[in-house]
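Accompanying notes for the structure given below.
The values are calculated or read from the model by the stated rules, or taken from the named source; none is laboratory data. Since this is a predicted model, take the numbers as computed values, not measurements. Backbone-built Cβ (ideal geometry, glycine too); neighbour counts: all protein chains shown.
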Ligand code: ADP
Ligand code: MG
């Protein structure tokens, strides 16, 4: 391409813009002048969230962002596994006892989670919750459970035992002791929900970063958005830049939430079959898809599967692309995303290659 160099520069300009989403609303507003871009940063769903949108005016964008913040808190109040009055707490308290009436959105999320469980042959399963709790990831009171405890708790894992009655709008966990945890898809769902919500409010351009979940809304001055892909081994570095349009980029990795006990690191992505943190040679999995909820579920699931199964799974699918980073420092991008990914990780000792469908 003739103007390659210039495009690259623009692209990095956009990318670096994303990296300073930590600025206050006023800073961004000043930097972008006539762009009418406004950024906000909040803490919700146990993570830091940055949202940048471009409105008709700075004032209208600020107003819309303030409303969006409330939308997030409302979703959190439904989906939280720790808030006492959430739909999820209510469902879990009544496991083995009775169906409970919940919001339509909770039903939609659980249905989607059940679909992903089937699709991934159980690598993703929201009924993994009793095990996640036993490791202390829900409350941050970390501990290494005894083998017998894990063996008992994995017997409660099976999404087939979640009964949904759509007419009555109820959810029932059939076995006492069962529990669900939407942590693996809640941010993806929230990102999808918000991007639709923003579009309804007339916002044609924006980028949201909800923890490890990034979603693009439209384009920025006609360019795709640049998203830096974090180096899992160095929080201040990235291994490349991805270009996205109206898409989600979701990363799951063991480096994000973990604790150390007797020299060993235990992270928060659990293999539902074993009850132990998944250790299949991957350090991060990034999914790129127009379905943010699915991307979130798949990033967790493919991390559990490990590289070989994950690549097979991708070869049989047609609605997402992926970038895998392995413990032995390989960065592997699936062919559908390779043109939109600029690898920069050589200096950190990473080796890059593309994975093909056939
Ligand atoms: P993060 O929430 O850090 O972005 P993930 O999207 O990978 O990371 O979700 C991990 C969360 O999902 C865990 O904190 C836990 O609540 C839950 N979880 C862990 N393992 C699984 C699994 N195999 N299937 C479904 N949910 C899981
Ligand atoms: Mg996930």
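In region 129-182, which residue that is within 16 Å of ligand 2 (Cβ to nearest atom) and modelled with pLDDT under 95 is nearest to residue 93 (Cα to Cα)?
Ranking the qualifying residues of region 129-182, first place goes to 138.
A quick yes/no check of all residues on (1) at pLDDT below 95; (2) more than 10 Å from ligand 1 (Cβ to nearest atom):
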{"site": "280", "(1), (2)": "yes, yes"}
{"site": "285", "(1), (2)": "no, no"}
{"site": "292", "(1), (2)": "no, yes"}
{"site": "304", "(1), (2)": "no, no"}
{"site": "309", "(1), (2)": "no, yes"}
{"site": "313", "(1), (2)": "no, yes"}
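Report yes if residue 327 is surrounded by fewer than 22 Cβ atoms within 10 Å (Cβ to Cβ) and free of Cβ contacts under 8 Å to residues at least 12 places away in the same chain, otherwise no. Steps first, please.
Numbers: surrounded by fewer than 22 Cβ atoms within 10 Å (Cβ to Cβ): yes; free of Cβ contacts under 8 Å to residues at least 12 places away in the same chain: no.
The answer is no for residue 327.
So residue 252 clears everything in (1) more than 16 Å from ligand 1 (Cβ to nearest atom); (2) assigned to a strand (DSSP E or B); (3) crowded, with 21+ Cβ neighbours inside 10 Å; (4) touching a residue at least 40 places away in the same chain (Cβ under 8 Å) except one condition, right? Which one?
Of (1) more than 16 Å from ligand 1 (Cβ to nearest atom); (2) assigned to a strand (DSSP E or B); (3) crowded, with 21+ Cβ neighbours inside 10 Å; (4) touching a residue at least 40 places away in the same chain (Cβ under 8 Å), only one is false for residue 252: (1).
Of the conditions (1) buried (at least 16 other Cβ atoms within 10 Å of the Cβ); (2) more than 12 Å from the chain's Cα centre (by Cα); (3) away from ligand 2 (no atom under 12 Å from the Cβ); (4) farther than 17 Å from residue 332 by Cβ, residue 268 clears all except one; give me its number.
(3)
Checking residue 337 against (1) in contact (Cβ under 8 Å) with a residue 24 or more places away in the chain; (2) surrounded by fewer than 19 Cβ atoms within 10 Å (Cβ to Cβ): exactly one of these is not met. Which one?
Against the list (1) in contact (Cβ under 8 Å) with a residue 24 or more places away in the chain; (2) surrounded by fewer than 19 Cβ atoms within 10 Å (Cβ to Cβ), residue 337 comes up short only on (2).
Only one of (1) touching a strand residue (DSSP E or B) at 6+ places or on another chain (Cβ under 6 Å); (2) in a loop (DSSP other than H, G, I, E, B) fails for residue 91. Which number is that?
(2)
Quick test for you: out of 222, 254, pick the one residue that is within 15 Å of the chain's Cα centre (by Cα), under 26 Å from residue 341 (Cβ atoms) and either within 14 Å of ligand 2 (Cβ to nearest atom) or modelled with pLDDT under 95 (or both). Give the derivation first.
Working: 222 fails: within 15 Å of the chain's Cα centre (by Cα).
From the options 222, 254, the qualifying one is 254.
Being touching a strand residue (DSSP E or B) at 6+ places or on another chain (Cβ under 7 Å) and either buried (at least 23 other Cβ atoms within 10 Å of the Cβ) or touching a residue at least 40 places away in the same chain (Cβ under 8 Å) (or both) is true for just one of 332, 298. Which residue is that?
Details: 332 fails: either buried (at least 23 other Cβ atoms within 10 Å of the Cβ) or touching a residue at least 40 places away in the same chain (Cβ under 8 Å) (or both).
Answer to the check: 298.
Among the residues of region 180-217, what is the count of those that are away from ligand 1 (no atom under 12 Å from the Cβ) and in a helix (DSSP H, G or I)?
We begin by selecting, within region 180-217, every residue away from ligand 1 (no atom under 12 Å from the Cβ); these are 192-208, 215-217.
Narrowing the set further to residues that are in a helix (DSSP H, G or I) leaves 192-200.
The total comes to 9.
Filtering region 129-144 down to residues that are in a loop (DSSP other than H, G, I, E, B) and in contact with a strand residue (DSSP E or B) (Cβ under 6 Å, 6 or more places away or on another chain), which residue is nearest to residue 182 (Cα to Cα)?
Start the filter on region 129-144 by keeping residues that are in a loop (DSSP other than H, G, I, E, B), which leaves 135-144.
Of the ones still in play, those that are also in contact with a strand residue (DSSP E or B) (Cβ under 6 Å, 6 or more places away or on another chain) are 142, 144.
Working: 142: 19, 144: 22 Å.
My answer is 142.
I'd like to verify a number: residues in region 118-127 that are under 11 Å from residue 301 (Cβ atoms) and within 13 Å of ligand 2 (Cβ to nearest atom), how many?
4
Among the candidates 116, 126, 64, 150, single out the residue that is in contact with a strand residue (DSSP E or B) (Cβ under 7 Å, 6 or more places away or on another chain), at negative phi and touching a residue at least 12 places away in the same chain (Cβ under 8 Å).
Working: 116 fails: in contact with a strand residue (DSSP E or B) (Cβ under 7 Å, 6 or more places away or on another chain); 126 fails: in contact with a strand residue (DSSP E or B) (Cβ under 7 Å, 6 or more places away or on another chain); 150 fails: in contact with a strand residue (DSSP E or B) (Cβ under 7 Å, 6 or more places away or on another chain).
Within the list 116, 126, 64, 150, the selection yields 64.
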